[in-house]
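Since the structure comes first, as structure tokens, the remarks are kept for the end.
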Amino acid sequence: DSFTQQTFYNFLAFSAKDCKRFVDDLFALCHHFINSNLSQMDYVRKMHKRILLSCKDDKFISIKDLIKSIAKDEKKKVIEALKLAGLKPTDKKDHLPKDKFTFEAFYKFYREMLGGRPELEKVFNDIKGTKRNYLTLDQTVEFLNKYQRDPRLNEILFPHHNKDGTKKLIQLYEFDKSKQKIGQFTLDGFTNYLMSPDNLPTNIMNLPVYQSMDQPLSHYFINSSHNTYLTGDQFSGRSSVEIYRQCLLSGCRCIELDCWDGEDNEPQITHGFTLCSSIQFKDVIEAINETAFKATPYRSSSRLRTIVRRANSRRWQTTAFRYLRRNY
């Protein structure tokens with residue numbers, strides 16, 4: 001589901017203590033820096049593990065269930081990819097033995113399902129030239145330093161790649177053992193490295209907050225939201241209270257409330273002079289109060305932007321102010 005299409009689940013705890021422990025652990029998992037910045041290979045490993053754990057049988061994997069979990073509309077493609085990866089059913093019921101469904105075998109199947117990586121093959125061919133079908137150690141070192149390393153980095157803290165370190169990477173990610181020994185990368189090993197944790201676009205050491213958080217607000221880039229209440233377009237989209245919770249829990253620090261006068265002097269949130277639906281200002285303020293600082297402790301970096309485009313009366317403004325005072 002997309003960001004604006006939520007699915008709700010209800011949980012019942014036997015005590016407030018158990019409830020808090022469950023919520024704290026859930027938030028710890030959701031906001032875990034490493035889990036939020038996994039490499040492509042880590043996701044492939046998670047896919048393999050999920051298939052193994054979802055099997056009802058302890059010894060076999062049903063090809064029928066595998067097709068449902070991988071690509072239910074591509075039955076022929078899945079079966080063909082399994083054959084090319086050397087994974088063939090052992091009986092008429094189309095079962096694969098679990099001990100044969102190793103990660104290495106699954107990875108071969110995964111690559112066959114993708115039909116190759118032509119964009120990576122082009123990069124590989126441009127580097128290796130036309131005389132050989134592998135990358136030499138010198139070519140790999142040059143590629144890592146010229147294209148994969150950020151030239152703005154401090155050369156003492158983040159030194160250039162050398163032959164010894166590059167050879168260790170080749171030994172770690174190259175599948176062909178004979179190539180491992182002499183420091184050469186085949187296309188499969190090269191692809192394996194580019195999908196690995198050693199090639200993440202971000203430095204994992206910098207994922208936790210390490211910058212100074214005591215500077216003036218204008219010194220920071222602020223994660224902001226426009227027309228926060230809308231789950232669709234600005235002409236006929238549906239407004240939602242829940243989307244405020246979703247934005248704040250995902251780390252948004254600047255949200256927008258378009259306040260208009262409603263029935264019985266109740267302020268409402270909507271996109272004025274359009275067909276967009278409206279929601280109660282009171283409900284939005286309560287949602288903000290519940291979730292504003294769940295995802296981050298940095299109160300000084302939070303900003304609530306309120307836009308009042310049409311004031312109906314002092315009574316309407318007094319009602320809105322009362323809700324703000326009650327929740328803040």
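The values are calculated or read from the model by the stated rules, or taken from the named source; none is laboratory data. As the structure is a prediction and not an experimental result, all values here were calculated from the model. Neighbour counts are summed over all protein chains in view; Cβ atoms, including those assigned to glycine, are modelled from backbone coordinates with ideal geometry. Ligands, DNA and RNA are stripped out before the accessible areas are found, and what is left, the full protein with its side chains, is counted by its heavy atoms. Shrake-Rupley method; radii C 1.70, N 1.55, O 1.52, S 1.80 Å.
Being within 29 Å of LEU120 (Cα to Cα) and open to solvent by 50 Å² or more (accessible area, probe 1.4 Å), is that true of even one residue in segment 26-33? Let's see the steps before the verdict.
Applying the first criterion (within 29 Å of LEU120 (Cα to Cα)) to segment 26-33 yields 33.
From what is left, the residues that are open to solvent by 50 Å² or more (accessible area, probe 1.4 Å) are 33.
Yes, there is a match, as at least one residue in segment 26-33 is within 29 Å of LEU120 (Cα to Cα) and open to solvent by 50 Å² or more (accessible area, probe 1.4 Å).
Looking at segment 160-170, which of the residues that are in contact (Cβ under 8 Å) with a residue 12 or more places away in the chain and in a helix (DSSP H, G or I) is most open to solvent (accessible area, probe 1.4 Å)? Walk me through how you get there before you give the answer.
Residues of segment 160-170 that are in contact (Cβ under 8 Å) with a residue 12 or more places away in the chain, as a first pass: 160-163, 166-167, 169-170.
From what is left, the residues that are in a helix (DSSP H, G or I) are 163, 166-167, 169-170.
On the way: LYS163: 108, THR166: 1, LYS167: 70, LEU169: 28, ILE170: 0 Å².
Once the filter is applied, the top-ranked residue is LYS163.
More than 30 Å from ASN199 (Cα to Cα) and modelled with pLDDT of 90 or more, is that true of CYS55?
Values: more than 30 Å from ASN199 (Cα to Cα): yes; modelled with pLDDT of 90 or more: no.
Criteria not met by CYS55.
Does segment 194-229 hold any residues that are assigned to a helix (DSSP H, G or I), touching a residue at least 24 places away in the same chain (Cβ under 8 Å) and either open to solvent by 60 Å² or more (accessible area, probe 1.4 Å) or touching a strand residue (DSSP E or B) at 6+ places or on another chain (Cβ under 7 Å) (or both), and which are they? Quick ask: steps written out before the conclusion?
Taking segment 194-229 first, the residues assigned to a helix (DSSP H, G or I) are 194, 197-199, 204-206, 217-219.
When the remaining residues are screened for being touching a residue at least 24 places away in the same chain (Cβ under 8 Å), the result is 194, 197-199, 204, 217.
If the condition is that a residue be assigned to a helix (DSSP H, G or I), touching a residue at least 24 places away in the same chain (Cβ under 8 Å) and either open to solvent by 60 Å² or more (accessible area, probe 1.4 Å) or touching a strand residue (DSSP E or B) at 6+ places or on another chain (Cβ under 7 Å) (or both), then PRO197, ASP198, ILE204, LEU217 are the ones that fit.
Which of the residues belonging to segment 41-68 are among the polar types (S, T, N, Q) and surrounded by fewer than 15 Cβ atoms within 10 Å (Cβ to Cβ)?
Initial filter on segment 41-68 (among the polar types (S, T, N, Q)): 54, 62.
Hit for segment 41-68 is SER54, nothing else.
Condition check ((1) under 30 Å from HIS271 (Cβ atoms); (2) at pLDDT below 90) across all residues:
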position: PHE158; (1), (2): no, yes
position: HIS161; (1), (2): no, no
position: GLY165; (1), (2): no, no
position: ILE170; (1), (2): no, no
position: LEU207; (1), (2): no, yes
position: TYR220; (1), (2): yes, yes
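Can you pull out every residue in segment 261-293 that is in a loop (DSSP other than H, G, I, E, B) and either small (Gly, Ala, Ser) or out of contact with any Lys or Arg (no Cβ under 9 Å at 6 or more places or on another chain) (or both)? Step through it out loud before you land on a result.
At the first step, the residues of segment 261-293 found to be in a loop (DSSP other than H, G, I, E, B) are 261-262, 266-267, 270-278, 292-293.
Matches in segment 261-293: GLY262, THR270, HIS271, GLY272, PHE273, THR274, LEU275, SER277, SER278, ALA292.
Report, by residue number, each residue of segment 230-260 that is part of a loop (DSSP other than H, G, I, E, B) and under 23 Å from the mean Cα position of the chain (by Cα).
If the condition is that a residue be part of a loop (DSSP other than H, G, I, E, B) and under 23 Å from the mean Cα position of the chain (by Cα), then THR231, GLY232, SER250, GLY251, CYS252, ARG253 are the ones that fit.
For the structure I just gave you, tell me whether LYS181 is outside any loop (DSSP other than H, G, I, E, B), charged (D, E, K, R) and in contact (Cβ under 8 Å) with a residue 24 or more places away in the chain. Outline the logic, then answer.
Working: outside any loop (DSSP other than H, G, I, E, B): yes; charged (D, E, K, R): yes; in contact (Cβ under 8 Å) with a residue 24 or more places away in the chain: no.
When the stated conditions are applied, LYS181 does not pass them.
If you scan segment 230-245, which residues turn out to be under 15 Å from ILE288 (Cα atoms) and open to solvent by 50 Å² or more (accessible area, probe 1.4 Å)?
ARG245
Any residue in segment 258-270 that is closer than 17 Å to GLN234 by Cβ sitting within a Cβ distance under 8 Å of a residue that is hydrophobic (A, V, I, L, M, F, W, C) and open to solvent by 30 Å² or more (accessible area, probe 1.4 Å)? List the pairs, counting only those 6 or more apart or interchain.
Here the result reads ASP258/ILE307; CYS259/ILE307; CYS259/VAL308, each pair linking segment 258-270 to a residue that is hydrophobic (A, V, I, L, M, F, W, C) and open to solvent by 30 Å² or more (accessible area, probe 1.4 Å).
Kindly indicate whether ALA320 is among the small types (Gly, Ala, Ser), open to solvent by less than 60 Å² (accessible area, probe 1.4 Å), modelled with pLDDT under 90 and not in a helix (DSSP H, G or I).
Numbers: among the small types (Gly, Ala, Ser): yes; open to solvent by less than 60 Å² (accessible area, probe 1.4 Å): yes; modelled with pLDDT under 90: yes; not in a helix (DSSP H, G or I): no.
Criteria not met by ALA320.
To keep it simple, each residue is scored yes or no on (1) closer than 30 Å to PRO208 by Cβ; (2) under 29 Å from the mean Cα position of the chain (by Cα).
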| position | (1), (2) |
| --- | --- |
| LEU29 | yes, yes |
| LYS49 | yes, yes |
| LEU52 | no, yes |
| LYS56 | no, yes |
| LYS68 | no, yes |
| LEU87 | no, no |
| PHE101 | no, yes |
| TYR110 | no, yes |
| LEU114 | no, yes |
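Which members of segment 114-141 meet the condition of being in a helix (DSSP H, G or I) and touching a Ser or Thr at 6+ places or on another chain (Cβ under 7 Å)? Spell out the reasoning first.
First, pick out the residues of segment 114-141 that are in a helix (DSSP H, G or I): 114, 118-128, 137-141.
LEU120, LEU137, THR140, VAL141, listed by residue number.
Given the condition surrounded by 13 or more Cβ atoms within 10 Å (Cβ to Cβ), in a strand (DSSP E or B) and modelled with pLDDT of 90 or more, answer yes or no: does some residue in segment 98-113 qualify?
Checked segment 98-113: no residue is surrounded by 13 or more Cβ atoms within 10 Å (Cβ to Cβ), in a strand (DSSP E or B) and modelled with pLDDT of 90 or more.
When you go through PHE33, PHE8, PHE14 one by one, which is the residue that is in a loop (DSSP other than H, G, I, E, B) and within 15 Å of the chain's Cα centre (by Cα)?
Details: PHE8 fails: within 15 Å of the chain's Cα centre (by Cα); PHE14 fails: within 15 Å of the chain's Cα centre (by Cα).
That would be PHE33, the only listed residue that is in a loop (DSSP other than H, G, I, E, B) and within 15 Å of the chain's Cα centre (by Cα).
Looking only at segment 142-156, count every residue that is of a type outside the set (Asp, Glu) and either modelled with pLDDT of 95 or more or in a helix (DSSP H, G or I) (or both) and tell me the total.
Taking segment 142-156 as the starting set, the residues that turn out to be of a type outside the set (Asp, Glu) are 143-149, 151-154, 156.
Going one step further and asking which of them are either modelled with pLDDT of 95 or more or in a helix (DSSP H, G or I) (or both), we end up with 143-148.
The number of residues fulfilling the criteria is 6.
Take segment 257-297 and flag every residue that is of a type in the set (D, E, K, R) and open to solvent by 30 Å² or more (accessible area, probe 1.4 Å).
Narrowing segment 257-297 to residues of a type in the set (D, E, K, R): 258, 261, 263-264, 266, 282-283, 286, 290, 294.
If the condition is that a residue be of a type in the set (D, E, K, R) and open to solvent by 30 Å² or more (accessible area, probe 1.4 Å), then ASP261, GLU263, ASP264, GLU266, LYS282, ASP283, GLU286, GLU290, LYS294 are the ones that fit.
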